[in-house]
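What follows is a single structure, written as C-alpha cells, with notes after it.
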C-alpha cells in the first residue's frame, strides 16, 4: 500500500489535512519502531532499523515499513484523529501479528511459547 492509498483510506473515515496526516503517519511508524524496530527485517524492508527511518513528507514518498503494518498504521491514524479507542486496540493487535509473522520468517521457523523457545 502506498502513502497515497493509506491517506485515502483514512479520509474515507474522517477528513484530515495532509500536514496532520504526515505527522500522524510518522508518529505511528515511530511507535511501531519503538516497539519492534531494533531487529532488521522485522519492521522495515531490507536491513533497515529504527535509526535508518526517514520521515514521510509527501504523498509520493515511499515507505520502508513492511506491508503487514500498513493496516495497523491506518488504525493508529484514525485513533489519533479521535475516532475511538477501538482503533488503538486494533493497532496493537495488528502490529503484534505483523511482528510475529515477520519474526517467524526471519528466525527460520522458530516459535515463541509462553515459557520459552521451541
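Values quoted throughout were computed directly from the atomic coordinates according to the rules given, and no laboratory measurement underlies them. All values derive from a computational prediction rather than experimental measurement. Cβ: placed from backbone, ideal geometry, glycine included. Neighbour counts: every protein chain shown.
With the highest mean first, a sort of the peptides 67-79, 27-39 on other beta-carbon atoms found within 10 angstrom per residue produces 67-79, 27-39.
For the chain, adding -39500 (n - 2.57) for each run of n ≥ 4 DSSP H residues and dividing by the number of residues yields -17500 deg cm²/dmol at 222 nm. In the distance distribution for the chain, Cα-Cα pairs more than 20 Å apart total 41 percent.
Under the simplified labelling scheme, the residue 1-residue 30 pair shows an inter-label distance of 2.1 nm, with each label point 7 Å from Cα along Cα→Cβ.
For the chain, relative contact order (Cα pairs under 8 Å, six or more residues apart, normalised by length) works out to 26 percent. With each label modelled as a point 7 angstrom along the Cα→C-beta vector, the residue 23-residue 97 pair spans 3.0 nm. The simple spin-label model puts a point 7 Å past each Cα toward its Cβ; for residue 39 and residue 85 those points are separated by 3.0 nm. Between 0 and 90 degrees, the angle of helix 70-80 with respect to the longest Cα principal axis of the chain falls at about 50 degrees. For segment 27-90, the relative contact order comes to 24 percent (Cα pairs under 8 Å, sequence separation of at least 6).
Give the angle, between 0 and 90 degrees and rounded to the nearest 10, that separates the Cα long axis of helix 86-106 from the longest principal axis of the Cα atoms of the chain. Roughly 40 degrees, rounded to the nearest 10.
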